[in-house]
Amino acid sequence: MKKELVCIVCPMGCRIRVDGIGDALTVTGQTCRRGEEYAIAECTAPTRTVTSTLHLEDGRSVAVKTAAPIPKEKIFELMAIIRAATAKAPVRIGQVLIPGIFGTDIVATAAVD
Ligand code: SF4
């Protein structure tokens with residue numbers, strides 16, 4: 001494997017290169033441990049925090065996100081679930097609107113009265 005990445009862990013945006021196969025991966029270009037961990041995870045089990053909006057019963061919507069990153073390959077399935085869901089106002093920031101999905105929850109990132 002040979003993969004070049006831009007680290008998204010912090011705004012520095014270091015260019016990282018990963019070489020090798022299986023457990024024998026060599027990471028170069030990172031300037032900290034978090035970058036190495038990100039690169040290895042990105043090459044072995046990539047995850048993403050997903051942000052979206054969820055419909056409210058009154059026709060408005062509320063901004064939401066996953067409380068923790070989910071496997072990257074589950075994003076489209078998750079988006080279909082969010083699109084099909086509704087919640088009832090009022091909503092407070094941090095409120096769980098869809099619990100227990102892909103090992104995390106969908107939580108509100110904004111308040112709606
Ligand atoms: S390698 Fe470290 S310093 Fe560079 S972007 Fe990633 S987290 Fe930031």
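Just so you know, all these numbers are worked out from the coordinates, no wet-lab data involved. Note that the structure is predicted; figures quoted are calculated from it, not measured. Positions of Cβ are generated from backbone atoms using ideal geometry, with glycine treated the same way; all protein chains shown enter the neighbour counts.
Quick notes
- Summed residue charge, Cβ within 13 Å of ILE8's Cβ, Lys/Arg positive, Asp/Glu negative: +2
- Over the Cα atoms of the stretch 51-108, the radius of gyration divided by the Kirkwood radius equals 0.94; this is the Rg/Rh ratio.
- HN-Hα J in Hz across the stretch 93-99 - Karplus 6.51, -1.76, 1.60, θ = phi - 60°, x for Gly and Pro: 4, x, 5, 6, 9, 9, x
- Rounded to the nearest 500, the helix-only mean residue ellipticity at 222 nm of the chain stands at -6000 deg cm²/dmol, with each DSSP H run of n ≥ 4 adding -39,500 (n - 2.57).
- Amide H contacts of THR47 (H built 1.01 Å from N, in plane; Pro and chain starts excluded): LYS72 sit under 5 Å, all sequence-distant by 5 or more or on other chains.
- Exposure proxy ranking, count of Cβ atoms within 10 Å, fewest first, for VAL9, VAL50: VAL9, VAL50
- Distant-in-sequence amide contacts of GLN95, defined by a placed amide H-H separation under 5 Å and a gap of 5 or more residues or a different chain, comprise ALA108.
- Kirkwood Rh and Cα Rg combined as Rg/Rh, the chain: 1.11
- For the stretch 2-45, projected area of the alpha-carbon convex hull averaged over all directions, nm²: 2.6 nm²
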